[in-house]
Amino acid sequence: MSTLAHTMMTAARSADSGLAGPGELDRYPYAEAPATDRVGAPSWDGADPELGRVGRRTAGNRGRGLHGQLVQQLGQMIVSGDLGADRPLVPEEIGQRFEVSRTVVRESLRVLEAKGLVSARPNVGTRVRPVSDWNLLDPDIIEWRAFGPQRDDQRRELSELRWTIEPLAARLAAGHGREDVQQRLADMVEIMGHAMGQGDALTFSRADAEFHSLLIQLAGNRMLEHLSGIVSAALQVSGSPVTGCDRPTETSLAHHGRIADALATGDGTAAEVAMRQLLTVHPEVERVVPAPREH
């Protein structure tokens, strides 16, 4: 099992380097915003007052120290609505509030702009953008929505998206004779079974995420493969009994095994059916995807 464990990779996430290119820092000048713009300036009451000091410890999921933590803090505040659309963000105020340098603030705002959360324009400054402009497929935004006020909508939308993506991916994957990837899928099922027997939910979830990411890669459709990060994010933030992947069970493990077996024999129909069974909600929860309407 130790050999198999070494093959396991953590869920795919899109990662921004977080480094500003030449001249980009100047896009977030420290000039004082006009008084008219500061009328609606955001309140930082909901922010973490200890971010600057806490940030000197080991960073969180993004692993980028103060920069990563500031992106996380501001991103959560925007997505939660604490910083509403069109609210001005004055870099100098952010730096003072969170006790971080100008460079940290500017790089953090650049990352948030890449996610569609803020915009920076000359003579206007940096402002929060409306939700219609956000990159809702960004794994960070998925996570922030899933643990904020929009958690129910986010989890429902993710489940519906998985119903669209994964059964098709399973059917397509059966037509590709990638024995090496098929073996890795079988390895993930074995790891999941061992982890469940040991009560190791973390290892189970990591192998589960790897299984689904590999399956989408095996489908041979680059557009579907681009969406594999969404599936991984959905698995990481599920937090409620919506699909068979949300918690380790014998039934969930059996469905994963059936998918792997169907792919090994090239049976696309069986792979698709097994995936739909895996994504079927638990009996106590209302069905995520309604049955097609009869015309």
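The values are calculated or read from the model by the stated rules, or taken from the named source; none is laboratory data. Given the structure is predicted, the values throughout are model-derived calculations rather than measurements. All Cβ positions, even for glycine, are placed from backbone atoms using ideal geometry, and neighbour counts span all protein chains on display. To get the accessible areas, we keep the full protein, side chains included, count just its heavy atoms, and leave off ligands, DNA and RNA. Shrake-Rupley method; radii C 1.70, N 1.55, O 1.52, S 1.80 Å.
Using 0.36 nm times the number of residues separating Glu190 and Glu250, minus their current alpha carbon distance, what extension gain do you get?
Once the chain is fully extended between Glu190 and Glu250, it gains 20.4 nm.
For the range 106-215, what are Rg and Dmax over the alpha carbons, in angstrom?
19.2, 61
Hey, what did the range 62-134 get for relative contact order, percent, Cα under 8 Å, at least 6 apart? Please list the in-between numbers first.
Values: 79 pairs, mean separation 26.3, N = 73.
Over the range 62-134, the number comes to 36 percent.
Going from most exposed to least, what order do Leu161, Leu202, Leu112 have by accessible area with a 1.4 Å probe? Show your work: numbers first, answer last.
Values: Leu161 55, Leu202 100, Leu112 0 Å².
From most exposed to least exposed: Leu202, Leu161, Leu112.
Give the calculated FRET efficiency between Leu202 and Val181 to the nearest 0.05, with a Förster radius of 22 Å applied to their Cβ-Cβ distance.
Working: r = 24 Å, r/R0 = 1.07.
Here the calculated transfer efficiency is 0.40.
Charges at C-beta only: +1 for Lys and Arg, -1 for Asp and Glu. How large is the resulting dipole of the range 56-168 about its Cα centre, in Debye rounded to 20? Intermediate results must be reported in sequence, preceding the final value.
Details: 18 positive and 16 negative charges, 80 e Å.
So the magnitude is around 380 debye.
What length, rounded to one decimal in nm, is gained on full extension from Phe147 through to Ser101, with 0.36 nm per residue of separation minus their alpha-carbon distance?
Numbers: separation 46, 0.36 × 46 = 16.56 nm, distance 2.81 nm.
Gain on stretching Phe147 to Ser101: 13.8 nm.
Length gain on complete extension for the stretch Met223 to Arg156, per 0.36 nm per residue less the alpha carbon to alpha carbon distance? Write down the numbers at each step before the final one.
Numbers: separation 67, 0.36 × 67 = 24.12 nm, distance 2.21 nm.
Extra length from Met223 to Arg156 when fully extended: 21.9 nm.
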